[in-house]
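**Student:** Take this structure first; my questions come after.
The values are calculated or read from the model by the stated rules, or taken from the named source; none is laboratory data. What you are looking at is a predicted structure, and each value in this text was computed from that prediction instead of being measured. Note that each Cβ is placed from the backbone with ideal geometry, even for glycine, and that neighbours are counted across all protein chains shown.
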Amino acid sequence: MIDRTAMPAARLAPWSVFGAVFALFSLLMGIWALASPLMAVPDEPAHAIRAAAVVRGQFIAGASPDQPWQAEVTVPRFVAHTGSLTCFAFDPTKSAACQTPLDGDQDELVPAPTSANVNSPAYYAIVGLPTLVLSGDVAIYAMRLVNAVLVAALMGFTAMALSMARWARWSLLAFAVSATPMLLFLGGSINPNAAEIASAMAVFAALVAVLTAPMSDRRLWALTAVTIGSVWMLVNTRSIALLWLVVVVSAALVLGRPGVVRRVLRRPAAWVALAASFAVSLAAFAWYTKPQIDAPAGSAPDYPLMGAPFFTGFQLMLEQTFDLFSGWVGIFGWLDTAAPGWAQGVWAILLTTPVLGAIAFGSGRARIATILLVAAAFLIPPIAQGVLITDYGLIWQARYAMAVYCCMVICAGIALDGIRQDAPLPSRGRIGTVALVLAAFGQLVTFVWVLRRYVVGTGGWADMLLRPEWQPPLGWLTLTVAFAAVLAAGVVFASRALHPRLVAANGVEAVDAIQPVVPAGTTPRTKSAG
């Protein structure tokens, strides 16, 4: 029997959602930070050296005499040594046992080159802090953990903003599955890529919350602070993040209710957000357009297809559009270890189903916003590669566009929340739980798969158990058990948060209910009276 007086049970308070999601992702990415060998992420040495230099006041540096396309900075020897820890890069047959310890005074200041000098110093000023008080491998792991906490906070703000919608269900599920193994891997590293992805999601979610439903001054100011902080982080990760900001703001405006947008623009919080976001974006733009080093002509490394015309890069990347999906799920190490095929198949379903569903069955602004983000996801990589190929060669990787990919999936979830759900609540609850279990299992399988590559190279599972060549801190088995435990706790929490029981008006638990899952400002589809 259907009780139409049933209302949704009280959801977790927004800050409770933030706390739970922040704790969950801090643990997951923190475990990845310990499990991955130091410098196992592309360009991690360059980012580590840049961070240690920035916190010592070296925002700008001259060209390296040996590698003039890079900047030369002065950092502690243990940071400069990170460049020699990549002995396993590009060679999956080598385990991380090839790394050699550092001899001599670890804290002696020495020159070191870095290619990350073109990036804004803001991100590095945060992750470089541990090098001021710690040294050696402990300091490098601490830098990774700082990055994990930073990214987890942005993920928490995203979930908090999404949870403010009265009928948020598919959007939160979409957020959960968009956190692919690649995102967690990057979050446990010294690399601004994960912060870029998470801050784009936070900006998008906060703007959607503000522009689609009226809210109190207290909540509006809280989301204003989230928006400003997330915009600041986003634009200070990489130069292309300015483009991601334009894309996600455009999509959020498409989703916005005109009446709500007009009312928001009359409130002081909106003008504070606009002024502050414009100021930090302008400052970032000024940094990126300023020449960082004056490298001699012809001194840059010879990357593949350097000097090719725009159309060559555009065509090559357009042909690889669907191949980039594997990079979204996970291509680990220095692009030498892909996620197992089973995990890629799981995310092919989890990530594309909501997008296709939103385009096919969504309506109004939500469908248009989803299509806008799909177009950006398909067209920006070929255009960007076409622009860059002449000077830099074929350099584009799937992780560079994950910011817009993840916002696209979240937007699709918002569109699905706007469709009348005629399936009984328990059925929809089971769909969500199955998706969460599949995602968690895919995360665990990928985690162990990547660990094996570093523990024994191309060795077998028996070698990993009985004859490991390399071990991370605490041991790979301990970290795997901890990772599985956190994933299980996350599935339990997310299942309960996404699918609360319904309570009838008289306080008796309802058996079932049909309620339109509609974000404010959209009209649910209903069958005609005939």
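**Student:** Are any residues in segment 331-343 not in a helix (DSSP H, G or I) and not aromatic (Phe, Trp, Tyr), and if so, which ones?
**Tutor:** Ile331, Gly333, Leu335, Asp336, Thr337, Ala338, Ala339, Pro340
**Student:** So if I check each of Ala440, Ala398, Ala415, which one is modelled with pLDDT of 95 or more, in contact with a Gly (Cβ under 8 Å, 6 or more places away or on another chain) and not aromatic (Phe, Trp, Tyr)?
**Tutor:** Ala440
**Student:** Moving on. Exactly one condition in (1) more than 20 Å from the chain's Cα centre (by Cα); (2) more than 25 Å from Ala339 (Cα to Cα); (3) surrounded by fewer than 24 Cβ atoms within 10 Å (Cβ to Cβ) is not met by Ile126; state its number.
**Tutor:** (1)
**Student:** Has segment 74-90 got at least one residue that is surrounded by 24 or more Cβ atoms within 10 Å (Cβ to Cβ), touching a Gly at 6+ places or on another chain (Cβ under 6 Å) and outside any loop (DSSP other than H, G, I, E, B)?
**Tutor:** Among the residues of segment 74-90, at least one is surrounded by 24 or more Cβ atoms within 10 Å (Cβ to Cβ), touching a Gly at 6+ places or on another chain (Cβ under 6 Å) and outside any loop (DSSP other than H, G, I, E, B), which makes the answer yes.
**Student:** Quick one: is Trp328 assigned to a helix (DSSP H, G or I), of a type in the set (Phe, Trp, Tyr) and either modelled with pLDDT under 80 or surrounded by 14 or more Cβ atoms within 10 Å (Cβ to Cβ) (or both)?
**Tutor:** The answer is yes for Trp328.
**Student:** Can you find, within segment 84-111, the residue that is farthest from Asp66 (Cα to Cα) among those that are of a type in the set (Gly, Ala, Ser) and touching a helix residue (DSSP H, G or I) at 6+ places or on another chain (Cβ under 8 Å)?
**Tutor:** Per the criteria, the residue is Ser95.
**Student:** A further question follows. So if I check each of Val231, Val235, Val272, Val248, which one is modelled with pLDDT of 95 or more and closer than 16 Å to Ile380 by Cβ?
**Tutor:** One residue alone meets the criteria, Val248.
**Student:** Restricting to segment 442-462, what's the tally of residues that are at negative phi and outside any helix (DSSP H, G or I)?
**Tutor:** Summing the residues that are at negative phi and outside any helix (DSSP H, G or I) in segment 442-462 gives 3.
**Student:** Which numbered condition trips up Val346, out of (1) out of contact with any Ser or Thr (no Cβ under 9 Å at 6 or more places or on another chain); (2) in a loop (DSSP other than H, G, I, E, B); (3) surrounded by 17 or more Cβ atoms within 10 Å (Cβ to Cβ)?
**Tutor:** (2)
**Student:** Regarding segment 504-512, can at least one residue be identified that is modelled with pLDDT of 55 or more, surrounded by 18 or more Cβ atoms within 10 Å (Cβ to Cβ), of a type in the set (A, V, I, L, M, F, W, C) and out of contact with any Gly (no Cβ under 8 Å at 6 or more places or on another chain)?
**Tutor:** No.
**Student:** Got a number for residues in segment 85-129 being over 24 Å from Ala194 (Cα atoms), in contact with a Ser or Thr (Cβ under 8 Å, 6 or more places away or on another chain) and polar (S, T, N, Q)?
**Tutor:** Qualifying residue count for the region: 3.
**Student:** Pairs needed: first member in segment 353-379, within 23 Å of Trp396 (Cβ to Cβ) and modelled with pLDDT of 90 or more; second member anywhere, assigned to a helix (DSSP H, G or I) and of a type in the set (Ser, Thr, Tyr); C-beta distance under 7 Å; at least 6 residues apart or different chains.
**Tutor:** Pairs that qualify, where the first residue is within 23 Å of Trp396 (Cβ to Cβ) and modelled with pLDDT of 90 or more and the partner is assigned to a helix (DSSP H, G or I) and of a type in the set (Ser, Thr, Tyr), are Val355/Thr370; Leu372/Ser250; Ala377/Tyr405.
**Student:** Can you find a residue that is in contact with a Leu (Cβ under 7 Å, 6 or more places away or on another chain) and either surrounded by fewer than 21 Cβ atoms within 10 Å (Cβ to Cβ) or closer than 28 Å to Ala61 by Cα (or both) anywhere in segment 218-229?
**Tutor:** Checked segment 218-229: no residue is in contact with a Leu (Cβ under 7 Å, 6 or more places away or on another chain) and either surrounded by fewer than 21 Cβ atoms within 10 Å (Cβ to Cβ) or closer than 28 Å to Ala61 by Cα (or both).
**Student:** Quick check, is Trp334 under 19 Å from the mean Cα position of the chain (by Cα), more than 18 Å from Leu253 (Cα to Cα) and surrounded by fewer than 19 Cβ atoms within 10 Å (Cβ to Cβ)?
**Tutor:** Criteria met by Trp334.
**Student:** What's the number of the only condition in (1) modelled with pLDDT of 95 or more; (2) closer than 20 Å to Tyr124 by Cβ that Phe25 fails to meet?
**Tutor:** Every condition holds for Phe25 apart from (2).
**Student:** Also: Of the residues that sit in segment 71-105 and are over 24 Å from Arg453 (Cβ atoms) and among the charged types (D, E, K, R), which one is modelled with the lowest pLDDT?
**Tutor:** By that ranking, first place goes to Asp103.
**Student:** Give just the number: which of (1) out of contact with any Phe, Trp or Tyr (no Cβ under 9 Å at 6 or more places or on another chain); (2) more than 30 Å from Ala13 (Cα to Cα); (3) surrounded by fewer than 23 Cβ atoms within 10 Å (Cβ to Cβ) does Val146 not satisfy?
**Tutor:** (2)
**Student:** Which residues, counting only those in segment 129-142, are touching a residue at least 40 places away in the same chain (Cβ under 8 Å) and out of contact with any Leu (no Cβ under 8 Å at 6 or more places or on another chain)?
**Tutor:** Leu129, Thr131, Leu132, Ser135, Ala139 - these are the residues of segment 129-142 that are touching a residue at least 40 places away in the same chain (Cβ under 8 Å) and out of contact with any Leu (no Cβ under 8 Å at 6 or more places or on another chain).
**Student:** Assess whether Met160 counts as being in contact with a strand residue (DSSP E or B) (Cβ under 8 Å, 6 or more places away or on another chain) and more than 19 Å from Pro473 (Cβ to Cβ).
**Tutor:** no
**Student:** While we're on this one: For a quick check of your reading of the model, give me the residue pairs whose first member lies in segment 469-497 and is at pLDDT 95 or above, whose second is of a type in the set (A, V, I, L, M) and part of a loop (DSSP other than H, G, I, E, B), with beta-carbon atoms closer than 9 Å and at least 6 apart or on different chains.
**Tutor:** The qualifying pairs are Ala482/Leu474.
**Student:** Checking the structure you have, find out if any residue of segment 294-310 is within 24 Å of Val404 (Cα to Cα) and either in a helix (DSSP H, G or I) or hydrophobic (A, V, I, L, M, F, W, C) (or both).
**Tutor:** Yes, that holds for at least one residue.
**Student:** Here is a check on your reading of the model: is Pro45 more than 25 Å from the chain's Cα centre (by Cα), under 20 Å from Ala142 (Cβ atoms), surrounded by 16 or more Cβ atoms within 10 Å (Cβ to Cβ) and of a type outside the set (Val, Ile, Thr)?
**Tutor:** The answer is no for Pro45.
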